[in-house]
Each structure stands twice: as structure tokens, then as C-alpha cells.
Amino acid sequence: MPQKDYIGSKIVVKQKLLTIDMDELYKMLRTWFEDRNYEIVEKDFQEHIDEKGIRHTYFKWVISRKADNYTKLTIDLEFNSATKDVVIEKETKTIAQRGSVEVSFRPYLLKDIEEEWRIREKGVVRKFLRELYDKVFGSDKFESYTKKLESDMQAVIADVKTFLRIRRFE
């Protein structure tokens, strides 16, 4: 089983009482990662409308990009929203969503992705060799991967915040 090395803590972007086009936000997130050669796997998607007419949307993505044959840069993304459709009338009628949005990011390096160093029941020696490789021989490589993932995290968070600020309807 591959090993997860988490980088920092979970980062959450929240906005309440805003009016935006949720489809555009979804497309922006998907395009952002695809443009940077990340693979997106949708692990969960739930959507329901409660008795008050509020649409609750939740999805979870596992986003990854292979750095080498041993390591993947990975981000767990969770999206939660509680919105209601509203009609915006400017030059044309537009249907948008008003409510709250929360997007959380959890970055980590996934090591031994091809399970070459798989730890079996009596694999104490393999575990030691993998740890030795990670700490001694791979430390510079993992540090550069960590910096790349942190950089991507800062960029996507800045872009999400900008999207929520600029693309909102007033």
C-alpha cells in the first residue's frame, strides 16, 4: 500500500452569502487541475434539495500527478455548498446560485505508488530499506516535490478566492 506523507494541514476556503454560477466554479476547478496535468478522480458526489428548496451539493476529488515512478503529488479536495437558485436580470436573465460554499484541500505526497517496497507481514527489512531510501537518498527529491505541491496549492487557493470575489453577482 502506498505511503501518504501529508504536507501541512487541511486548507479551507469559505464564502457565505454570495451569488455565483456554481457550474462555472466547478468548471474552473476542473480546468485548473487539468491544465496542470493533474488527473481527477471523483470519489463521491451527492446532491439533494431539502424541504426549504436549498440545494446541498457535496463532492470529493482525489487529484494526482505522477512525479516519478515512485511518487505522486496528490490533493484531496472536498466541496460543500448550500445554495438556492435565483434569477439575475441585467441585460439578459441568468440563473445563478445564492448561498455558501466551502472548498477544502488536503495535499500529500503518495510514495511507493507501484508498491515495489510493499510491506508484507514479515517485511521489516523492506520497511527499513524504504525508510532509508526516503530519508537518505530521496530527501532532496521529496523536498522539491513538496515545494512544487505547496506552490500549486497556493496558486489554486488564490485562484478560487479570486473567482469567488470577482465572478459573483451583486
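The values are calculated or read from the model by the stated rules, or taken from the named source; none is laboratory data. On a predicted model such as this, the values are computed, not experimentally measured, just so you know. Quick reminder, even Gly has a Cβ in these numbers, built from the backbone with ideal geometry, and neighbours come from all protein chains shown. Heavy atoms of the whole protein, side chains included, go into the accessibility calculation; ligands, DNA and RNA do not. Shrake-Rupley method; radii C 1.70, N 1.55, O 1.52, S 1.80 Å.
Taking the charge dipole of the chain about its Cα centre, with +1 at Lys and Arg Cβ atoms and -1 at Asp and Glu Cβ atoms, the residue from A155, V136, I40 reaching farthest to the positive side is V136. Shape annotation for segment 35-88: C-alpha extents along the principal axes are 50, 23, 10 Å, from largest to smallest. Relative protection proxy for 66-76, 150-160, from highest mean packing down: 66-76, 150-160 (other beta-carbon atoms within 10 angstrom). By the Stokes-Einstein formula, at 0.692 mPa s and 37 °C, the chain with its Kirkwood radius over alpha-carbon pairs has D equal to 181 µm²/s. Among the protein heavy atoms of the chain, carbon and sulfur supply 49% of the accessible surface, probe 1.4 Å, non-protein parts ignored.
In terms of its C-alpha gyration tensor, segment 1-70 has a prolate overall shape, because the principal axis ratio a/c (a ≥ b ≥ c, square roots of the eigenvalues) is not below 1.5 and a/b outweighs b/c. Can you list the residues of segment 78-95 with backbone N under 16 Å from a point 7 Å past the Cα of F45, pointing along Cα to Cβ? Only 78-81 fall inside the zone, counting backbone N under 16 Å.
Rolling a 1.4 angstrom probe over the protein heavy atoms with all chains in place gives the chain an accessible area of 62 Å² per residue. Extending 7 Å from Cα along the Cβ direction at R165 and again at D23 yields two label points whose distance is 2.7 nm.
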